[in-house]
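Can you keep this structure in mind? I'll have questions shortly.
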Number of protein chains: 2
Amino acid sequence: MDIQFAILGLLDAQPRSGYDLKKIIAESDLFYWSGNNNQIYNSLVSLHNAGLVSVETFQQESLPPRKVYSITPAGQSELRQWLLTDPEPPEIRDPFLIQLAWADQLHGDELDAILARYAVEITILLKMRQAKQQRPAISPQRSPREKFLWKRIEENLAGIYQRELEWVNALRQDLREQYHNRTE
Amino acid sequence: MDIQFAILGLLDAQPRSGYDLKKIIAESDLFYWSGNNNQIYNSLVSLHNAGLVSVETFQQESLPPRKVYSITPAGQSELRQWLLTDPEPPEIRDPFLIQLAWADQLHGDELDAILARYAVEITILLKMRQAKQQRPAISPQRSPREKFLWKRIEENLAGIYQRELEWVNALRQDLREQYHNRTE
DNA sequence: CTTGTCATGTAAGAGGTTACATGATTCG
DNA sequence: CGAATCATGTAACCTCTTACATGACAAG
């Protein structure tokens, strides 16, 4: 998967500048990239070279010119084709699980402490997720169905943290019961 | 997070060669890297330079020499210190959700088709996960608690796919009911 | 008076992937 | 007879990240 298709979709919803895209991607969980300039500005250049987007430059006084990109018909057909390609599975990278894999050398309270810290971390992320879900998102809402799909996508993202939180809490509980939170 | 700590933990359980590590990492979901030579052999060199592992070379007839790495006391204390560092949150990268975010331009049956393909994909991954859970894993099992922790880690990994599958199935069901699987 | 926003762009480097190279042995 | 396993290592490359550079204006 390529950030290009994320950008193409965002431009299909409405024309935007590189700076607009950067902000959206940096704040989004769905568009999981960091939102750094390098990637976005270069992607826009190569999308332009491929004829998938067009640019319009607006001169501004005392500010650098604002370059607003729009999707072209070629870009739209490229996007549509991509929508029909084989879905990729999600990538899961949870370094904490590796930490836990070697954590048996910690004693009970140390182990519970890092589990607690993990739970706090996840709780914060979940809260941030839910906050984003409240305020008007970048969701296009071009049709009731699109609005519905975006709602479900956001629920999916929240669900990931929800499940993780339940998992870690159950684990803490069971460790407490089975090992009374101390090794020998 | 660094692959170095994954390697350090694996070597703490028992001495292994680069080739051993490569196989473990390539097949593992927990150790989420591809298991390519470059990364592993270079990591071993730098771990060795840092004095965190030691090497013993075993000459073999008609095969290249086997270099078996062991963790050093310095390596063990480095590992233990890392275990106490702040847990990192999981990284979720689900390109399919981006595909779905722009998928409103598909009509009902096209949309259901890609959702179905995603469900198949996830089902396969879940089955593979469960298969791995059956056969004797690389789980160290140095104590009952370690065995327990590894079981929970594996359940976590399976749970991710499980939840995703439930989510996509519920979505398909609701689309069928609400939109009768066709747009105008 | 510093921090944040607007707005573009570049540079350097970490991290990660695929593929290549070698070469004997075993399995189907 | 071709493919897989054992076992090391290198090369080329892509992706992505942090940080830098410029410069005006507004807000606290």
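Just so it is clear, none of the values below were taken in a lab; they were calculated from the coordinates. All values derive from a computational prediction rather than experimental measurement. All Cβ positions, even for glycine, are placed from backbone atoms using ideal geometry, and neighbour counts span all protein chains on display.
For A:Lys127, which lysines qualify as cross-link partners when the Cα separation must be under 28 Å and same-chain residues fewer than eight apart are set aside?
Answer for A:Lys127, where 28 Å is the Cα cut-off: A:Lys22, A:Lys23, A:Lys147, A:Lys151, listed by chain and number.
From the phi of every residue in region B:9-14, what ³J(HN,Hα) in whole Hz does the Karplus formula 6.51 cos²θ - 1.76 cosθ + 1.60 yield, where θ is phi - 60° and glycine or proline is x?
x, 5, 6, 5, 5, 6
Continuing with this model, one more query. Could you check which residue among B:Thr72, B:Thr123, B:Thr57 shows the biggest mean-square fluctuation in a GNM of chain B with a 10 Å Cα cutoff?
Of B:Thr72, B:Thr123, B:Thr57, the most mobile in the Gaussian network model is B:Thr57.
What FRET efficiency comes out for B:Phe58 versus B:Asn36 if R0 is 22 angstrom and r is the Cβ-Cβ distance? Round to the nearest 0.05.
E(calc), rounded to 0.05, equals 0.40.
Would you mind ranking A:Val45, B:Val53 so that the residue whose beta carbon has the fewest other beta carbons within 10 Å leads the list?
A:Val45, B:Val53
Using the scaling law 2.2 N^0.38 Å as the reference, what is the normalised Cα Rg of region A:95-179?
1.45
Show that you can apply the helix-only estimate: for chain A, add -39,500 (n - 2.57) for every DSSP H stretch of four or more residues, divide by all residues, and state [θ] at 222 nm to the nearest 500.
One gets -21000 deg cm²/dmol as the mean residue ellipticity at 222 nm.
Let me know the charge dipole size of region B:95-179 about its Cα centre in debye, to the nearest 20, where only the beta-carbon of Lys, Arg (+1) and Asp, Glu (-1) is charged.
Result for region B:95-179 is approximately 920 debye, rounded to the nearest 20.
Once the label point is placed 7 Å from Cα along Cβ, list for B:Lys23 the distances to the corresponding points in the other copies, in nm, shortest first.
Those separations, rounded to one decimal, come out as 5.4 nm.
Let me ask you something else. Report, by chain and number, residues whose modeled amide H sits under 5 Å from the one on A:Arg16, excluding near sequence neighbours (fewer than 5 apart, same chain).
A:Tyr69
Using the alpha-carbon atoms, what tilt in degrees (0 to 90, nearest 10) does helix B:108-134 show relative to the longest principal axis of chain B?
It is inclined by approximately 30 degrees.
Can you list the HN-Hα couplings for region B:26-31, worked out from phi with the Karplus curve (6.51, -1.76, 1.60; θ = phi - 60°), rounded to whole Hz and with x for Gly and Pro?
Ordered by residue, 3J(HN,Hα) equals 5, 8, 8, 8, 4, 8 Hz.
If the viscosity is 0.692 mPa s and the temperature 37 °C, what translational diffusion coefficient in µm²/s does Stokes-Einstein give for region B:54-131 when Rh comes from Kirkwood over Cα pairs?
Rounded to a whole number, D works out at 180 µm²/s.
Where does helix B:73-83 land angle-wise versus the long Cα axis of chain B, in degrees 0 to 90, nearest 10?
With rounding to tens, the tilt is 20 degrees.
Exposure proxy check: A:Val68, A:Val120 ranked by fewest other beta carbons within 10 Å?
With the fewest neighbours first, A:Val68, A:Val120 line up as A:Val120, A:Val68.
Over chain B, what per residue volume does the convex hull of the Cα atoms give, in whole Å³?
Expressed per residue, the convex hull around the Cα atoms of chain B is 167 Å³.
Continuing with the same structure: Determine, from the Cβ-Cβ distance of B:Arg142 and B:Lys23 and an R0 of 30 Å, the FRET efficiency 1/(1 + (r/R0)^6), rounded to the nearest 0.05.
My answer for the efficiency is 0.90.
Follow-up question, since we're still on this one. To the nearest 20 Debye, how big is the dipole of the protein assembly as shown about its Cα centre, given +1 on the beta carbon of each Lys and Arg and -1 on that of each Asp and Glu?
60 debye
Amide H to amide H under 5 Å from B:Ser143: which residues, 5+ apart in sequence or cross-chain, H placed 1.01 Å off N in plane?
Under 5 Å from the amide H of B:Ser143 lies no amide H from a residue far enough along the sequence or on another chain.
For A:Gln134, put the label point 7 Å out on the Cα→Cβ axis and report which residues of region A:1-40 keep their amide N under 20 Å from it.
Inside the label zone: A:27-30.
On to the next question. Translational D (Stokes-Einstein, µm²/s) of region A:74-113 at 20 °C and 1.002 mPa s when Rh comes from the Kirkwood sum over C-alpha pairs?
Taking Rh from Cα pairs, D becomes 153 µm²/s.
Whole-Hz ³J(HN,Hα) for each residue in region B:149-158, computed from phi via Karplus 6.51 cos²θ - 1.76 cosθ + 1.60 with θ = phi - 60°, x for glycine and proline: what do you get?
Here the 3J(HN,Hα) series is 4, 5, 4, 5, 5, 5, 5, 4, 4, 5 Hz.
Now for a separate question. Would you mind giving the average projected area, over all directions, of the Cα convex hull of region B:3-83 in nm² with one decimal?
Averaged projected area of region B:3-83's Cα convex hull equals 5.3 nm².
Ok, one more. Evaluate the protein assembly as shown: find the radius of gyration of its Cα atoms, find its Kirkwood radius, and give the ratio Rg to Rh.
In the protein assembly as shown, Rg relative to Rh is 1.03.
Using a 10 angstrom cutoff on alpha carbons, build the Gaussian network for chain B and name the most mobile of B:Glu78, B:Glu61, B:Glu154.
Ranking B:Glu78, B:Glu61, B:Glu154 by mean-square fluctuation puts B:Glu61 first.
A further question on this structure: Between A:Leu79, A:Leu52, A:Leu97, which gets the highest mean-square fluctuation from a Gaussian network model of chain A, Cα cutoff 10 Å?
Evaluated over chain A, the most mobile residue of the options is A:Leu97.
Another question about this same structure. Measure nothing fancy, just the Cα-based angle from helix B:37-49's long axis to the longest principal axis of chain B, in degrees from 0 to 90, nearest 10.
Rounded to the nearest ten degrees, it is 40.
Using alpha-carbon positions, what is the distance between the centroids of region A:135-168 and region B:143-159, in Å?
29 Å
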